[in-house]
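Chemist: Here's a structure for you.
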Amino acid sequence: MKRVVAPRVLVAILSAGMLSFLGILDETATTVTFPTLIREFAVTTDQVQWVNTLVLLVIATIVPLSSQIRLRLPTKRIFLLGIGFFMLGLVIDIVAWRFDLLLLGRALQGIGTGIGLPLMYNIILTKVPKEQLGLMMGIGTMITAAAVAFGPVFGGLMTDLLNWRWIFIISAVLAVIAAGAGAYSMPQLVVLEKRRFKLAQWLSIAGGLVFLMVGFTNIARHQFWSVAVSGLLIVGILALVCWFLLSWHDPQALISPRLFTNTHFSMQLLCYCFAKVATLALGFLLPLYVEEVNHGAVSLAGWVIFPGAVMDALLAAAAGKMLDKWGARLPILVGTIASLVSLTLMTIAARQLSNLMIVALYVVYYGGYGMSFSSLMTSGLTSLTAASHAQGNAIFNTLQQFAGAAGTALAGTFVAMSQNQSQTSAAGVATGTKWTLWLLTGLLVANLVLTIIFVPRGRKDSTNATSH
């Protein structure tokens, strides 16, 4: 008899998903408010970028704790703690009269999002029957994809019709609803243990990610061999080496580096990161291209991206059904090929992309991304033992944030370098877009090769997976 997802579990997934949704919604919505925030708080473009960069930093440092927090605290308390941090941040954002207060509020939101993002997937991996795992993982990805789709439009409408603070006011109302639903439905996922907190391991992971991410984001403003770039990157690498040495022989490590010796897991994780780099780079490039090269309005740039982001959300769930029926290889291959074809066509026409071409090609790209992205995570996690799922989930969600920041920094660097060598800003954006697209196309070619080699054929149930 086919088992179905219990209604209470479904409510719990949606409650945790709402926390993730709101975190990403606010991130993408505030991007279109940057010119308004620059004027209102009298800050520079470099400073205003920290409204979102800081959130990514905080999420990347909080997510690695998820595999240990779930063993020390009841699941419901973890959820309410995440909602509490998130709502406190929203309140500060709403009343912030200084820029540093707005950053404080955004950092607190990042803590809440960092708690909620892995929690949603941990509920799915623990409570959903294996024959519906692909579908529910796809729905989880669809929730976050929907936030990416609606964020820029939502932020633009709120800013134009009311005030940018209404982004956070409406988010606060939805967070209260999620808190009530989660308090009612949240199941206990694991048996609690008294486990010593791995402070040194966490500090080495968090420090490594922070230094690497700040180093990447500084590439657009500083020379590579400067302390602000190469110096921070070296410190970040050294911190991760410390984490490796501290964790390798620890059977209860915060995140075990031994998971990376599983080639099916690590190669699909690499594909996952390459896909995220490409998507965040495009998310930076295409609105800029619409505004600078095609001389479109800011609101038009948001609407040009919207159809593709909607396609991503829809096909993420469809890919889950395909995975449940035929395995992960089919949706990953089809999605990767679709995205690769789209990127290739964008690259060929990089200097003459009309807004209509951008809409059409972005729909194809993002549809392919929606099919492959959640399937890569599901397939990668099912290559691990069930006992390693929480750590694997933390790794996927942590590196997703880092890959996103790296993609944005990559695109920004190519555009900035091209603008410095071009007579006009528009010409620099067109040239930078072309070189970035060439690199992104190369990443997806690598994804296609790695998929053919490392993604298993047919269905592979998580209960039968073994760690190598």
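The values are calculated or read from the model by the stated rules, or taken from the named source; none is laboratory data. Keep in mind that what you see is a predicted model, and the values were worked out from it rather than measured. Every residue, glycine as well, gets a Cβ built from its backbone with ideal geometry; the counts of neighbours run over all protein chains shown.
Chemist: Can you tell me which residues in segment 194-207 are closer than 23 Å to PHE85 by Cα and surrounded by fewer than 16 Cβ atoms within 10 Å (Cβ to Cβ)? Even if it seems obvious, please write down each step before you answer.
Modeler: Applying the first criterion (closer than 23 Å to PHE85 by Cα) to segment 194-207 yields 197-199, 202-203, 205-207.
Once the filter is applied, which keeps residues that are closer than 23 Å to PHE85 by Cα and surrounded by fewer than 16 Cβ atoms within 10 Å (Cβ to Cβ), segment 194-207 yields PHE197, LEU199, LEU203.
Chemist: Yes or no: segment 380-398 includes at least one residue that is surrounded by fewer than 24 Cβ atoms within 10 Å (Cβ to Cβ) and on the phi > 0 side of the Ramachandran plot.
Modeler: The answer is no; no qualifying residue exists.
Chemist: Give the residues of segment 77-97 that are surrounded by fewer than 21 Cβ atoms within 10 Å (Cβ to Cβ), touching a helix residue (DSSP H, G or I) at 6+ places or on another chain (Cβ under 7 Å) and farther than 24 Å from THR33 by Cα, sorted by residue number.
Modeler: LEU80, LEU81
Chemist: Here's another thing I want to ask about it. Residue check: is GLN68 in a helix (DSSP H, G or I) and either closer than 24 Å to LEU157 by Cα or in contact with a His (Cβ under 6 Å, 6 or more places away or on another chain) (or both)?
Modeler: On the way: in a helix (DSSP H, G or I): yes; either closer than 24 Å to LEU157 by Cα or in contact with a His (Cβ under 6 Å, 6 or more places away or on another chain) (or both): no.
Taking the combined requirement at face value, the residue does not satisfy it.
Chemist: May I pose another question? Residues to consider are ILE92, ILE78; find the one that is closer than 19 Å to LEU10 by Cα and part of a helix (DSSP H, G or I).
Modeler: Values: ILE92 fails: closer than 19 Å to LEU10 by Cα.
Just one listed residue meets the conditions, ILE78.
Chemist: Let me ask something else. Name the residues in segment 220-271 that are at pLDDT 90 or above and of a type outside the set (A, V, I, L, M, F, W, C), would you?
Modeler: Those that are at pLDDT 90 or above and of a type outside the set (A, V, I, L, M, F, W, C): GLY231, GLY236.
Chemist: Looking at segment 446-467 only, could you name the residues that are modelled with pLDDT under 85, of a type in the set (A, V, I, L, M) and over 10 Å from THR382 (Cα atoms)?
Modeler: VAL455
Chemist: Can you name the residue in segment 177-193 that is among the small types (Gly, Ala, Ser) and touching a residue at least 40 places away in the same chain (Cβ under 8 Å) and is also surrounded by the fewest Cβ atoms within 10 Å (Cβ to Cβ) among such residues? Talk me through it step by step, then tell me what you get.
Modeler: Our first condition is that a residue be among the small types (Gly, Ala, Ser); within segment 177-193, this holds for 178-183, 185.
Restricting the remaining residues to those that are touching a residue at least 40 places away in the same chain (Cβ under 8 Å) gives 178-179, 181-183, 185.
Details: ALA178: 24, ALA179: 20, ALA181: 16, GLY182: 25, ALA183: 13, SER185: 21.
Across segment 177-193, the extreme among qualifying residues is ALA183.
Chemist: Still on this structure, I have one more. So ALA430 passes all but one of these: (1) surrounded by fewer than 16 Cβ atoms within 10 Å (Cβ to Cβ); (2) in contact with an Asp or Glu (Cβ under 9 Å, 6 or more places away or on another chain). Which condition number does it fail?
Modeler: Just one mismatch for ALA430, condition (1).
Chemist: When you scan segment 292-326, how many residues do you find that are in contact with a Pro (Cβ under 7 Å, 6 or more places away or on another chain) and not β-branched (Val, Ile, Thr)?
Modeler: Adding up the residues that qualify gives 5.
Chemist: Name the residues in segment 404-443 that are aliphatic (A, V, I, L, M) and either more than 25 Å from VAL214 (Cα to Cα) or not in a helix (DSSP H, G or I) (or both), would you?
Modeler: Of the residues in segment 404-443, the ones aliphatic (A, V, I, L, M) are 405-406, 409-411, 415-417, 426-427, 429-430, 437, 439-440, 443.
Answer for segment 404-443, where residues must be aliphatic (A, V, I, L, M) and either more than 25 Å from VAL214 (Cα to Cα) or not in a helix (DSSP H, G or I) (or both): ALA426, ALA427, ALA430.
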